[in-house]
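Each remark here refers to the structure printed beneath this line.
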Amino acid sequence: MIFFILNGKTVNYEGDPERTLLDFLRLDLHITSPKDGCSGQATCGACTVEIDKKAKLACAIKMKKLEGTEVLTMEGFPEYVRDTIAKAYVNKGAVQCGFCTPGFISRTKILLQENPNPTLQEIQNALKQHLCRCTGYKKIEEAILLAAEKIRNNEQLEITKTSGKIGISHPKYNSYETAVGKHNFVDDIYLDEMLFAALKFSDHPKAKILIINTEKASQLEGVHRIFTAGDIPGERKVGLIYQDWPVMIGTGETTHYIGDVIAGVVADSDEIARKALSLINIEYEVYSPVSDVFWL
Ligand code: FES
Ligand code: FES
């Protein structure tokens with residue numbers, strides 16, 4: 001049994017000690033403010049939580065490490081601090097898709113409790129473990145400076161109201177809910193008896209697929225279905241301008257990059273789906289990758 005405090009409540013965990021805190025929070029408790037942005041590679045910061053007053057990546061923390069600790073997710077942050085930081089992010093335009101934002105806001109909260117008046121350089125250092133693919137970091141830095149000022153002076157911050165006219169910048173729709181982790185991304189939706197899917201990507205950037213053997217994977221308990229290119233009827237190529245991107249690569253075809261999908265598994269749980277992926281055996285004829293480098 002592993003005992004710890006989560007958002008002020010005692011947890012007695014009896015499950016797999018090797019499981020990650022992120023899986024426990026998201027899959028068991030449906031606490032979805034920590035996001036799974038890189039599937040446990042500890043490279044994106046989207047899963048940042050507070051453990052014993054320090055910022056930690058929940059995807060890299062095993063449950064066995066939590067004994068006696070105090071864990072806080074954004075849901076357990078003091079309301080004033082969480083709201084002020086979130087509103088600063090909204091007002092500065094630092095929330096775009098918002099998938100990364102709860103992680104950034106958790107980092108901001110921990111930074112400001114250690115250093116209420118950070119310099120720009122200190123903010124940039126604190127954000128080194130975080131990736132944002134759509135906002136750009138300048139707006140986030142501005143938001144942190146604004147939040148720091150408001151919290152230092154114990155002032156309230158309200159979301160900017162605008163006339164609603166064309167030509168005026170408005171806070172992004174739903175950005176506050178997104179910032180505090182209440183917006184449901186697809187990965188945050190849990191339904192009774194829902195199934196989970198995982199994709200098998202190519203092991204080589206350029207290789208001909210000779211054989212896809214799914215027999216072992218399909219025998220794993222909890223696996224409902226494995227699909228490959230052969231299961232997709234009709235045209236498999238998609239694209240905005242030219243339809244030249246195959247959604248799956250089939251036997252006898254050649255991959256273009258390691259993001260090409262070769263098989264998909266549907267299973268009772270995320271864990272089973274990912275385990276089944278590891279049992280899919282693919283034989284390739286491997287070629288040298290083709291790459292173009294443009295020097296500007
Ligand atoms: S999900 Fe933890 S760092 Fe990306
Ligand atoms: S706002 Fe989209 S990834 Fe950061």
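Computed values, structure above
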{"item": "Sites Tyr287 and Met1, calculated FRET efficiency, Cβ-Cβ separation with R0 41 Å, nearest 0.05", "result": "0.20"}
{"item": "Most mobile of Asp244, Asp16, Asp260 in a GNM of the chain (Cα contacts under 10 Å)", "result": "Asp244"}
{"item": "Range in the chain, longest, excluding exposed trypsin sites (Lys or Arg not before Pro) [loop by DSSP; at most 12 other beta-carbon atoms within 10 Å]", "result": "166-296"}
{"item": "Calculated SAXS-style log₁₀ I(q)/I(0) at q = 0.14 Å⁻¹ - the range 196-286, Debye, Cα scatterers", "result": "-0.48"}
{"item": "For the chain, with +1 on Lys and Arg beta carbons and -1 on Asp and Glu, the positive-most of Ala42, Ala88, Ala263 along the dipole", "result": "Ala88"}
{"item": "Computed magnitude of the charge dipole of the chain (debye, nearest 20; Cβ of K, R +1, Cβ of D, E -1)", "result": "1020 debye"}
{"item": "Per residue accessible area in Å² of the range 196-286, where ligands, DNA and RNA are left out and the probe is 1.4 Å", "result": "60 Å²"}
{"item": "Separation of the Glu18 and Ile166 label points, Cα + 7 Å toward Cβ, nm", "result": "6.0 nm"}
{"item": "Filter on Lys64/Lys182; Lys35/Lys62; Lys65/Lys216; Lys35/Lys237; Lys182/Lys275 - keep pairs with C-alpha separation over 23 Å", "result": "Lys64/Lys182; Lys65/Lys216; Lys35/Lys237; Lys182/Lys275"}
{"item": "Derived scalar couplings ³J(HN,Hα) [the range 250-257; Karplus, 6.51 cos²θ - 1.76 cosθ + 1.60; whole Hz; x for Gly, Pro]", "result": "x, 4, x, 9, 10, 7, 10, 6"}
{"item": "Spin-label pair Gln113/Lys53, simplified geometry with 7 Å Cα→Cβ offset, distance in nm", "result": "0.8 nm"}
{"item": "Size descriptor, Kirkwood hydrodynamic radius, that averages inverse alpha-carbon separations across the range 1-84, Å", "result": "12.8 Å"}
{"item": "Paramagnetic reach from Tyr190 (point 7 Å along Cα→Cβ, amide N under 20 Å) across the range 19-44", "result": "19-40"}
{"item": "All-pairs Cα distance distribution in the chain, expressed in whole percent, bin size 10 Å", "result": "6, 22, 26, 23, 17, 5, 0"}
{"item": "Whole-angstrom gap from the range 204-278 to the range 53-109, using each part's C-alpha centre", "result": "35 Å"}
{"item": "Residues of the range 1-155: accessible area per residue with a 1.4 Å probe, Å²", "result": "45 Å²"}
{"item": "Label-point separation in nm, Gln121 to Arg133, each point 7 Å along Cα→Cβ", "result": "3.3 nm"}
{"item": "Environment charge at Ala263 (Cβ cut-off 10 Å; Lys +1, Arg +1, Asp -1, Glu -1)", "result": "0"}
{"item": "Residues Glu67 and Asn174, FRET efficiency given R0 of 35 Å [Cβ-Cβ distance, rounded to 0.05]", "result": "0.35"}
{"item": "Share of carbon and sulfur in the accessible heavy-atom surface of the range 196-286 [1.4 Å probe, %]", "result": "54 percent"}
{"item": "The range 45-143: chymotrypsin sites (Phe, Trp or Tyr not before Pro) in DSSP loop, at most 16 other beta carbons within 10 Å", "result": "none"}
{"item": "The range 1-190, accessible surface, carbon-and-sulfur percent (1.4 angstrom probe)", "result": "50 percent"}
{"item": "Point-charge dipole on Cβ atoms (K/R +1, D/E -1) for the range 196-286, about Cα centre, debye to 20", "result": "80 debye"}
{"item": "Sparsely packed GluC sites (Glu not before Pro) within the range 202-296, loop by DSSP, other Cβ within 10 Å at most 11", "result": "Glu221, Glu235"}
{"item": "Size descriptor, Kirkwood hydrodynamic radius, that averages inverse alpha-carbon separations across the range 121-239, Å", "result": "20.7 Å"}
{"item": "Shape parameters for the range 112-182, alpha-carbon atoms, Rg then Dmax in Å", "result": "14.1, 41"}
{"item": "Most fluctuating residue given options Ile140, Ile262, Ile61, as computed from a GNM of the chain linking Cα atoms under 10 Å", "result": "Ile262"}
{"item": "DSSP bridge orientation in the chain - percent antiparallel, rounded to nearest 5", "result": "95 percent"}
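The values are calculated or read from the model by the stated rules, or taken from the named source; none is laboratory data. Values in this document were obtained by computation on a predicted structure and should not be read as measured data. Because the Cβ atoms are built from the backbone with ideal geometry, glycine has one as well, and the counts that use them run over all protein chains shown. Heads up: the accessible areas ignore ligands, DNA and RNA and are worked out on the full protein's heavy atoms, side chains in. Shrake-Rupley method; radii C 1.70, N 1.55, O 1.52, S 1.80 Å.
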